[in-house]
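Engineer: I have a structure here, written as structure tokens, and I will follow up with some questions on it.
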Amino acid sequence: MRASLAALLAVVALPSLAAPGSANDAWPQWGGPNGNFMTDSQGLAESWPFGGPPELWRRDLGEGYSAILEQDGVLYTHYRVGQREIVIALSAENGATLWEHSYPAATRGWNIDRGAGPHATPAIAGERLFAVGLTGILHALRRADGVVLWKQDLIGEMKGTFRNRGYSASPIVYGDAVLVPLGGESKAVVALDQADGSVLWRGGNDENSYSSPTLIELGGHRQLVVWGAEEITGLDPGTGEQLWQHHHATRGAFNISTPLWSDDGLLFVSSAYDGGGRVLKLVADDDSTHVEELWFSNQMRIHFGTAIRLGDTIYASSGDFGPAPMTAVDVHSGEILWRDRAFSKHSLVYADGKLILLDEDGVLGLVKVSRQGMKVLARTQIFDSLAWTVPTLVGTKLYLRNRKEIMALELGQPN
């Protein structure tokens, strides 16, 4: 199950909070430079030649759904071979392996019928890289050479929530801490010191789900939004103090996609199965946060993919295990504006007035969207097996992977 998972045109976009020290010429964390799968990349081609955009390189890689990070010309991701998980650094120029760290991660006792993972995406913090695998082992690695600095067992030793599909939440970097969902009373999230892995705080009361948390800014203060098994919760990322909570439960705790924040105070969450979608209005008042639910709809159900907001419209692939068309929904009312079945279930990245999507059948698409509908600019088959990993865009270079391969494409205007 793609669980780490998981959201935008030439109208005003409302981005989420950028990570400290991030830049749009890198992809340092789950969600990219701003944590919302949007970049400021320019110069993307309006169409592709027959056969698709130019392929820069392609190579084999093992199983896993972790997205690809990029910084300073180096790619990082997480994959599996047999009963071992491997964190890898590759050259962005040619895909060559720069270093690897391999460790045992047995799949016995886990439900891996949709792939063993790892599911979560690593995070870069200066010269450190944080990566957590299927079994909940969090490694802090030296980014230059993959040397292990410290590790923590989030499920075994720290007694985090066991989910039979495996640990899936991507770590979040904040100040000198790395924040990771744990699950349980007074320990929904744990903050670990980046230098040595010691516990700085524990906070929140929900069990863990498969969703990755996100940082937002409200009333001049940062909050960590974490979507657990039954609740959407706001925490102070510096102390772990719980600031607010709102109920959203899904069968089997399959809350998978990442909450989508906009700086007008609207928070969108959506899950498949019998979860549905809702928008919450957050308002800061002195030291408190007021939460109002604007709408709920079972017609907006994101499985594992990403959602993009452009202006007053949210775009995402909505559906369970049948068709999951691109769906446009009004952010204020929940009204479904249109659905388009040009692609199967997919994830989205936004740049240069266009959406780049990769569907689960391995089809890469380039589209423009508006409240009136979707226009397909280009599409090409790039993988021949299940592709559930969201693409990574740095400049005009697109990095992609499925459970067999990793590759790089050039999406810029031809010379």
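Engineer: Val367 - would you say it is buried (at least 21 other Cβ atoms within 10 Å of the Cβ), modelled with pLDDT of 95 or more, farther than 14 Å from Gly277 by Cβ and β-branched (Val, Ile, Thr)?
Structural biologist: So Val367 passes the test.
Engineer: If I ask for residues that are among the aliphatic types (A, V, I, L, M) and either touching a helix residue (DSSP H, G or I) at 6+ places or on another chain (Cβ under 6 Å) or in a loop (DSSP other than H, G, I, E, B) (or both), which ones from the range 304-317 would you list?
Structural biologist: Across the range 304-317, the qualifying residue is only Ala307.
Engineer: Okay, next question. Considering each residue of the range 44-68, count those that are among the charged types (D, E, K, R), in a loop (DSSP other than H, G, I, E, B) and touching a Lys or Arg at 6+ places or on another chain (Cβ under 7 Å), and give that number.
Structural biologist: The total comes to 0.
Engineer: Starting from residues that are modelled with pLDDT under 95 and among the charged types (D, E, K, R), keep the ones in the range 161-184 and report whichever is farthest from Glu241 (Cα to Cα).
Structural biologist: Arg165
Engineer: Condition test on Gly276, is it more than 25 Å from Gln245 (Cα to Cα), surrounded by fewer than 24 Cβ atoms within 10 Å (Cβ to Cβ) and not hydroxyl-bearing (Ser, Thr, Tyr)?
Structural biologist: It is false that Gly276 is more than 25 Å from Gln245 (Cα to Cα), surrounded by fewer than 24 Cβ atoms within 10 Å (Cβ to Cβ) and not hydroxyl-bearing (Ser, Thr, Tyr).
Engineer: Would you mind listing the strands (runs of 3 or more DSSP E) fully within the range 174-289 where at least 3 residues are farther than 21 Å from Lys159 by Cα, among the aliphatic types (A, V, I, L, M) and in contact with a strand residue (DSSP E or B) (Cβ under 7 Å, 6 or more places away or on another chain)?
Structural biologist: Once the strands (runs of 3 or more DSSP E) in the range 174-289 are filtered for at least 3 residues that are farther than 21 Å from Lys159 by Cα, among the aliphatic types (A, V, I, L, M) and in contact with a strand residue (DSSP E or B) (Cβ under 7 Å, 6 or more places away or on another chain), what remains is 214-218, 266-271, 276-285.
Engineer: What number of residues within the range 326-342 are under 16 Å from Thr306 (Cα atoms) and of a type in the set (Ser, Thr, Tyr)?
Structural biologist: 1
Engineer: Here is a follow-up. Kindly evaluate Val225 against the criterion of being buried (at least 24 other Cβ atoms within 10 Å of the Cβ), in contact with a Pro (Cβ under 6 Å, 6 or more places away or on another chain) and either of a type in the set (Ser, Thr, Tyr) or under 24 Å from Gly311 (Cα atoms) (or both).
Structural biologist: It is true that Val225 is buried (at least 24 other Cβ atoms within 10 Å of the Cβ), in contact with a Pro (Cβ under 6 Å, 6 or more places away or on another chain) and either of a type in the set (Ser, Thr, Tyr) or under 24 Å from Gly311 (Cα atoms) (or both).
Engineer: So if I check each of Trp227, Trp244, which one is under 14 Å from Val291 (Cα atoms) and among the aromatic types (Phe, Trp, Tyr)?
Structural biologist: Among Trp227, Trp244, only Trp244 is under 14 Å from Val291 (Cα atoms) and among the aromatic types (Phe, Trp, Tyr).
Engineer: For the structure I just gave you, tell me whether Gly204 is crowded, with 24+ Cβ neighbours inside 10 Å and not acidic (Asp, Glu).
Structural biologist: Yes.
Engineer: With respect to Gly219, determine if the residue is touching a Phe, Trp or Tyr at 6+ places or on another chain (Cβ under 7 Å) and either crowded, with 21+ Cβ neighbours inside 10 Å or modelled with pLDDT under 95 (or both).
Structural biologist: no
Engineer: Regarding the range 264-271, can at least one residue be identified that is surrounded by 18 or more Cβ atoms within 10 Å (Cβ to Cβ) and under 17 Å from Lys345 (Cβ atoms)?
Structural biologist: yes
Engineer: Then there's this: So is Glu55 within 22 Å of Ala387 (Cβ to Cβ), surrounded by fewer than 20 Cβ atoms within 10 Å (Cβ to Cβ), at pLDDT 95 or above and not basic (Lys, Arg) or not?
Structural biologist: So Glu55 fits the description; yes.
Engineer: Testing Pro118 on (1) farther than 19 Å from Ser66 by Cβ; (2) surrounded by 17 or more Cβ atoms within 10 Å (Cβ to Cβ), one condition comes back false. Which one is that?
Structural biologist: Unmet condition: (1).
Engineer: Follow-up. Just give me the residues in the range 370-391 being surrounded by 13 or more Cβ atoms within 10 Å (Cβ to Cβ), of a type in the set (Ser, Thr, Tyr) and under 23 Å from the mean Cα position of the chain (by Cα), in sequence order.
Structural biologist: Thr389
Engineer: So, one more: Hey, could you check the range 242-263 for residues that are closer than 16 Å to His221 by Cα and not polar (S, T, N, Q) and say which is surrounded by the most Cβ atoms within 10 Å (Cβ to Cβ)?
Structural biologist: Filtering first and then ranking leaves Trp261.
Engineer: Does the range 60-78 contain any residue that is surrounded by fewer than 23 Cβ atoms within 10 Å (Cβ to Cβ) and among the aromatic types (Phe, Trp, Tyr)?
Structural biologist: no
Engineer: If I go through the range 210-262 residue by residue, how many of them are farther than 25 Å from Ser66 by Cβ and small (Gly, Ala, Ser)?
Structural biologist: So the count comes out to 7.
Engineer: For the range 251-279, which residues satisfy the criterion of being among the hydrophobic types (A, V, I, L, M, F, W, C), closer than 18 Å to Gly35 by Cα and over 15 Å from the mean Cα position of the chain (by Cα)?
Structural biologist: Leu266, Leu267
Engineer: Can you name the residue in the range 69-114 that is part of a strand (DSSP E or B) and of a type in the set (S, T, N, Q) and, of all such residues, is nearest to Leu409 (Cα to Cα)?
Structural biologist: Here the residue is Ser91.
Engineer: When you scan the range 136-163, how many residues do you find that are touching a Phe, Trp or Tyr at 6+ places or on another chain (Cβ under 7 Å) and assigned to a loop (DSSP other than H, G, I, E, B)?
Structural biologist: Final tally of qualifying residues: 6.
Engineer: Among what's in the range 318-352 and is assigned to a loop (DSSP other than H, G, I, E, B) and of a type in the set (A, V, I, L, M, F, W, C), pick the residue that is farthest from Ala67 (Cα to Cα).
Structural biologist: This residue is Val331.
The values are calculated or read from the model by the stated rules, or taken from the named source; none is laboratory data. All values reported here derive from a predicted model rather than from experimental measurement. Heads up, the Cβs are rebuilt from the backbone with ideal geometry, glycines too, and the neighbour counts pull from every protein chain shown.
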